[in-house]
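One structure is given below, encoded as structure tokens.
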Amino acid sequence: MYNKIKRFIDFLISIIILPFLLFLIIVVGVFIKLDDGGPIFYFGERIGLHGKIFKMFKFRSMKVNAPDLRYEDGSTFNSKDDPRVTKVGKFLRKTSLDEVPQFLNVLLGDMAFIGPRPDSAFYLGQYTDEERVILNVRPGITGYNQAINRNSVTTKEKLRNDIVYVNKMSFLFDIKIIKMTIKSVLFSKNVYRDESNEDTKVVERGE
């Protein structure tokens, strides 16, 4: 029942936000173009509701044709000194502004404001039966794991928190996550994966 109410709220809010979003796209788009002249958006294939693959909007934060580097667990490599990231991209990532275009995905029904962060399309066949419960809800712009860990944990740790969210999903829990997310972004917490683990191997996707 809450899933239907949640979708109605998401759609209504995304309609209200749309004019502000379009203004932000223009402003950020100018800075991205001035930085390196490349495209404004990056479209990543992500896993959505019931395993449906969709294109997720993001402001492009990497250089054009940058290699797809990932940790061994499949999560995206991220580092404060990542040479693939543009000057504007560093600011967008630190402030999470690169995620803002996903409000368009919310409007289209691919995503929700709050939910499990969507995994890359290639990961669909790697979920355990227990983990597949997250496919019963729309992925979110932010979520429980995003609020407490942001980008600092492994895929398996993220999925454990995503399962917690699905099992506890409620309006009050969503409000709590919004508050936690705002605090995390304002204080720039957990922007990057813990780099103290020297044994973490990074590979280029496709190798």
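The values are calculated or read from the model by the stated rules, or taken from the named source; none is laboratory data. Computed from a prediction, not measured in an experiment: that's the story for all the values here. Note: ideal-geometry Cβ built from the backbone for every residue, glycine included; neighbour counts use all protein chains shown. The area values use the complete protein model at the heavy-atom level, side chains included, leaving out ligands, DNA and RNA. Shrake-Rupley method; radii C 1.70, N 1.55, O 1.52, S 1.80 Å.
Do we find that residue 174 is in contact with a strand residue (DSSP E or B) (Cβ under 7 Å, 6 or more places away or on another chain) and either aliphatic (A, V, I, L, M) or not in a loop (DSSP other than H, G, I, E, B) (or both) in this structure? Answer is yes for this residue.
Close contacts from segment 176-192, counting a first residue that is modelled with pLDDT of 85 or more and a second that is of a type in the set (Phe, Trp, Tyr) and open to solvent by 50 Å² or more (accessible area, probe 1.4 Å), with Cβ to Cβ under 9 Å and a gap of 6+ residues or different chains, come to 176/144; 177/144; 180/144. Does residue 72 qualify as being surrounded by fewer than 18 Cβ atoms within 10 Å (Cβ to Cβ), closer than 29 Å to residue 167 by Cα and modelled with pLDDT under 90? Yes; evaluated as a whole, the condition is true for this residue. Here the condition is being part of a helix (DSSP H, G or I) and within 20 Å of residue 41 (Cβ to Cβ); of 159, 135, 104, it holds for 104 alone.
Within segment 112-133, the set of residues being of a type in the set (S, T, N, Q) and buried (at least 17 other Cβ atoms within 10 Å of the Cβ) comprises 120 only. Suppose we keep only residues that are over 13 Å from the mean Cα position of the chain (by Cα) and β-branched (Val, Ile, Thr) within segment 75-89. Which one would you say is most open to solvent (accessible area, probe 1.4 Å)? The residue in question is 88. One residue stands out in segment 46-69 among those that are in contact with a Lys or Arg (Cβ under 8 Å, 6 or more places away or on another chain) and assigned to a loop (DSSP other than H, G, I, E, B): the one that is most open to solvent (accessible area, probe 1.4 Å), namely 63.
In segment 74-90, the residues that are touching a residue at least 60 places away in the same chain (Cβ under 8 Å) form no Cβ pair under 6 Å with any partner that is small (Gly, Ala, Ser), whether six or more places apart or across chains. For segment 160-173, filtered to residues that are closer than 10 Å to residue 133 by Cα and touching an Asp or Glu at 6+ places or on another chain (Cβ under 9 Å), the residue that is most open to solvent (accessible area, probe 1.4 Å) is 163.
Of everything listed in (1) open to solvent by 30 Å² or more (accessible area, probe 1.4 Å); (2) free of Cβ contacts under 8 Å to residues at least 40 places away in the same chain, the single unmet condition for residue 136 is (2).
How many residues, within segment 19-34, are open to solvent by less than 50 Å² (accessible area, probe 1.4 Å) and in contact (Cβ under 8 Å) with a residue 40 or more places away in the chain?
5
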